[in-house]
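Contents: one structure, followed by commentary.
Read-outs: derived from the displayed coordinates by stated rules, not from any lab. This one's a predicted model, so the numbers in the text were calculated from it and none came from an experiment. Cβ placement follows ideal geometry from the backbone for every residue including glycine, while neighbour counts extend to all protein chains displayed.
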Amino acid sequence: MKDIYLENCTLHNKPNYYQIQLYTIDKHITPHFINSNIKKLTHTEIRLFQKQLIDTGLSNKTVNNIMIILKKLFDTAINEKIINANPCDGVPNLSILKNK
């Protein structure tokens, strides 16, 4: 799934975009889900992952960006007929304070 997603990133985006995606997946997503069965991941487990990211002190914007990539990975799994539903659906983005 990761390889297919990254291949699509290479084909449809600037090279720097691919590097950011790869870094984020390898640093934040893969270590957490390495032993998970993608077909059995639940909405609750995704929310716990989001909370763990928050607890590490990452900014809300960074956590949101990681969650967006995770959702895109699951969307790829849906397109590849690996899963039927995205467990990220319904997990709200964190609020981001805007400077005035």
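Take region 46-80 and flag every residue that is in a helix (DSSP H, G or I) and either touching a strand residue (DSSP E or B) at 6+ places or on another chain (Cβ under 8 Å) or among the acidic types (Asp, Glu) (or both). Once the filter is applied, which keeps residues that are in a helix (DSSP H, G or I) and either touching a strand residue (DSSP E or B) at 6+ places or on another chain (Cβ under 8 Å) or among the acidic types (Asp, Glu) (or both), region 46-80 yields 55, 75. When residues in region 47-73 are screened for being among the aromatic types (Phe, Trp, Tyr) and either exposed (fewer than 15 other Cβ atoms within 10 Å of the Cβ) or touching a residue at least 60 places away in the same chain (Cβ under 8 Å) (or both), 0 of them pass.
When residue 35 is evaluated against the numbered criteria (1) in contact (Cβ under 8 Å) with a residue 60 or more places away in the chain; (2) more than 13 Å from the chain's Cα centre (by Cα), which criterion, by number, is the only one it fails? Condition (1) is where residue 35 drops out. Could you please let me know if residue 44 is in contact with a Pro (Cβ under 9 Å, 6 or more places away or on another chain), within 27 Å of residue 95 (Cα to Cα) and loosely packed, with under 13 Cβ neighbours inside 10 Å? When the stated conditions are applied, residue 44 passes them.
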